[in-house]
Amino acid sequence: MYKIQLTESIKKQLKPALWGNSSKAVFDEIAQGKTSVFVTANKNMLVVGRIEGREFVAVAVVGQDLRGNRQDIINYAVANGAMTIRFHTRNPEHLRKGLQGLQVILTRTVPRAFGRDELIYKISVA
């Protein structure tokens, strides 16, 4: 997994993983260098993420085959000192399928007035 620039094409690709006004906030964080956009080694998945202390936060994941790409995310997290990975999602079915076989813990549910609630999951990587 390696860092890439946020282009208009990448913004369009990320839209399905962002909801409401979150895209503006996420794109602002990327512009400020707080958050980055990554592409997996096989180039079929984009990950927006950042390191927070000893945790890698996957703000948005879009593309195909999370199960086949999860090791890239884990390797990046471990290489950058993370002990856990935190995933934010409104589509837990995709996350559960992609992380099947790992010990995934639902740590929080953020109720939303419109649409699905935001679910926050963690996995230990160290």
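Table: residues versus (1) under 22 Å from residue 111 (Cβ atoms); (2) out of contact with any strand residue (DSSP E or B) (no Cβ under 9 Å at 6 or more places or on another chain).
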site	(1), (2)
65	no, no
69	no, no
74	no, no
78	no, no
81	no, no
85	no, no
90	yes, no
93	yes, yes
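Can you find a residue in the stretch 3-12 that is modelled with pLDDT of 95 or more, touching a helix residue (DSSP H, G or I) at 6+ places or on another chain (Cβ under 7 Å) and under 20 Å from residue 119 (Cα atoms)? No, because not a single residue in the stretch 3-12 is modelled with pLDDT of 95 or more, touching a helix residue (DSSP H, G or I) at 6+ places or on another chain (Cβ under 7 Å) and under 20 Å from residue 119 (Cα atoms). The strands (runs of 3 or more DSSP E) found wholly in the stretch 40-112 and carrying at least 2 residues that are buried (at least 18 other Cβ atoms within 10 Å of the Cβ) and touching a residue at least 24 places away in the same chain (Cβ under 8 Å) occupy 45-52, 55-63, 84-89.
The values are calculated or read from the model by the stated rules, or taken from the named source; none is laboratory data. Keep in mind that what you see is a predicted model, and the values were worked out from it rather than measured. Cβ sites come from the backbone with ideal geometry, for glycine too, and all protein chains shown count toward neighbours.
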